[in-house]
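The values are calculated or read from the model by the stated rules, or taken from the named source; none is laboratory data. Since the model is a prediction, treat every value here as computed from it, not as a measurement. With ideal geometry, Cβ positions are generated from the backbone for all residues, glycine too; neighbour counts draw on all protein chains shown. Surface accessibility is based on the protein's heavy atoms, side chains included, excluding ligands, DNA and RNA. Shrake-Rupley method; radii C 1.70, N 1.55, O 1.52, S 1.80 Å.
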Amino acid sequence: ETGVTQSPTHLIKTRGQQVTLRCSSQSGHNTVSWYQQALGQGPQFIFQYYREEENGRGNFPPRFSGLQFPNYSSELNVNALELDDSALYLCASSLGTGGEGGYTFGSGTRLTVV
Amino acid sequence: QKEVEQNSGPLSVPEGAIASLNCTYSDRGSQSFFWYRQYSGKSPELIMSIYSNGDKEDGRFTAQLNKASQYVSLLIRDSQPSDSATYLCAAVQGAQKLVFGQGTRLTINP
């Protein structure tokens with residue numbers, strides 16, 4: 001059984017650029033959620049994908065968008081990067097949208113915007 | 001009022017003692033609760049899940065849930081230096097959104 005994998009692990013981008021982060025869900029999990037964690041804070045919910053559709057969204061602007069593929073892997077896209085987008089981006093997979101059995105997190109992507 | 005609130009600490013406990021971490025939540029509709037441990041620079045790791053009122057024990061860890069008081073706690077018995085980390089309390093809201101507290105930084109002193 002494979003865990004949740006995220007790529008890349010680290011990324012440095014310039015303000016105004018666009019970025020794509022990738023996530024492969026744990027085997028058997030059909031739901032992927034994305035979180036942003038700023039330094040010293042708890043993770044903040046960005047959105048969740050289930051059956052290739054967005055299934056709930058947190059308080060993030062439309063320049064944060066995502067996709068889920070038939071194999072349940074997912075992408076997070078952020079356009080027009082701002083300095084405040086610098087954070088650890090976490091992907092979590094679960095069996096079901098309510099997190100039955102818990103959410104398993106990947107190791108994260110550390111994004112730095114300069 | 002924050003949706004999930006934790007004392008940010010730091011909480012310092014001597015090795016071998018009991019560490020007690022507390023959390024309150026605002027959404028009475030939440031039914032599922034989790035405790036995650038996060039080491040510096042790493043991703044959160046699930047320690048405990050709890051869905052019903054009362055206590056749930058797993059090794060040195062005990063989670064407690066009181067839905068009437070909207071309170072969740074985590075007890076760590078026989079604390080070890082390796083337990084030093086940030087502990088995140090989380091509640092499922094709206095059947096899909098996992099809402100986290102800001103985390104409590106725990107230090108176990110040898």
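If you go through the stretch A:80-114 and keep only what is more than 8 Å from chain B (Cβ to nearest Cβ), outside any strand (DSSP E or B), closer than 19 Å to residue B:92 by Cα and open to solvent by less than 20 Å² (accessible area, probe 1.4 Å), you end up with just A:96. A Cβ distance below 8 Å, combined with a sequence gap of six or more or placement on separate chains, defines the contacts here; from the stretch A:43-68, residues that are more than 13 Å from chain B (Cβ to nearest Cβ) reach residues that are surrounded by fewer than 16 Cβ atoms within 10 Å (Cβ to Cβ) and outside any strand (DSSP E or B) in the pairs A:52/A:69; A:52/A:70; A:63/A:79; A:63/A:80; A:65/A:79; A:67/A:52; A:68/A:51; A:68/A:52. Of the strands (runs of 3 or more DSSP E) entirely within the stretch B:50-98, those holding at least 1 residues that are at pLDDT 95 or above and touching a helix residue (DSSP H, G or I) at 6+ places or on another chain (Cβ under 7 Å) occupy B:71-76. Scan the stretch A:40-79 for residues that are touching a Ser or Thr at 6+ places or on another chain (Cβ under 7 Å), at pLDDT 95 or above and open to solvent by 30 Å² or more (accessible area, probe 1.4 Å) and jot them down. Answer for the stretch A:40-79, where residues must be touching a Ser or Thr at 6+ places or on another chain (Cβ under 7 Å), at pLDDT 95 or above and open to solvent by 30 Å² or more (accessible area, probe 1.4 Å): A:67, A:75. Among the residues that make up the stretch B:80-93, is at least one of them touching a Ser or Thr at 6+ places or on another chain (Cβ under 7 Å), of a type in the set (A, V, I, L, M, F, W, C), surrounded by 21 or more Cβ atoms within 10 Å (Cβ to Cβ) and within 17 Å of residue A:101 (Cα to Cα)? Yes, the stretch B:80-93 contains at least one residue that is touching a Ser or Thr at 6+ places or on another chain (Cβ under 7 Å), of a type in the set (A, V, I, L, M, F, W, C), surrounded by 21 or more Cβ atoms within 10 Å (Cβ to Cβ) and within 17 Å of residue A:101 (Cα to Cα).
Just one of (1) open to solvent by less than 40 Å² (accessible area, probe 1.4 Å); (2) within 9 Å of chain A (Cβ to nearest Cβ) fails for residue B:76. It is (2). The set of residues in the stretch A:86-105 that are under 13 Å from the mean Cα position of the chain (by Cα) and more than 16 Å from residue B:97 (Cβ to Cβ) comprises A:87, A:88, A:89, A:104.
Put simply, of B:39, B:71 the only residue that is more than 11 Å from every other protein chain (Cβ to nearest Cβ) and either without any contact (Cβ under 8 Å) to a residue 12 or more places away in the chain or more than 26 Å from residue A:31 (Cβ to Cβ) (or both) is B:71.
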